[in-house]
Amino acid sequence: MGESKNWYLICYDIRDPKRWRRVYKKLEGYGERLQYSIFRCRLTAREREKLRCEIEKYLTEEDDLLIIGLCNHCVERMSYCNRPNVWQLPEHNFRIF
């Protein structure tokens with residue numbers, strides 16, 4: 001059985017448009033954009049650390065990166081206007097051999 005995945009809210013404030021685009025492109029491969037500089041990603045702890053390291057390559061002292069881990073209970077209590085079911089948890093599919 002693999003590592004469990006958790007939801008993360010990744011927010012960034014990057015002053016330079018070139019660096020901002022690089023981080024945006026990197027995050028597109030990991031999750032879904034909710035707002036201009038806010039993504040939601042479902043990652044293992046290993047994937048989260050890999051992503052953090054990759055993003056930090058582009059950051060300077062004037063930039064900010066915030067990664068917020070969300071438990072399933074927090075996700076269930078979220079309300080998001082204009083986009084229902086955005087935080088649906090995947091159903092577990094078990095295969096019996």
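The values are calculated or read from the model by the stated rules, or taken from the named source; none is laboratory data. From a predicted model like this one, the values you see are computed outputs, not experimental measurements. Glycine gets a Cβ as well: all are built from the backbone with ideal geometry, and neighbour counts include every protein chain shown.
One line per residue, one yes/no per condition, for (1) in contact with a Gly (Cβ under 8 Å, 6 or more places away or on another chain); (2) at negative phi; (3) of a type in the set (A, V, I, L, M, F, W, C); (4) modelled with pLDDT of 95 or more:
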residue: GLY2; (1), (2), (3), (4): no, yes, no, no
residue: TRP7; (1), (2), (3), (4): yes, yes, yes, no
residue: TYR30; (1), (2), (3), (4): no, yes, no, no
residue: TYR36; (1), (2), (3), (4): no, yes, no, no
residue: CYS41; (1), (2), (3), (4): yes, yes, yes, no
residue: ALA45; (1), (2), (3), (4): no, yes, yes, no
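Among the residues examined, CYS53 qualifies as loosely packed, with under 12 Cβ neighbours inside 10 Å and assigned to a helix (DSSP H, G or I).
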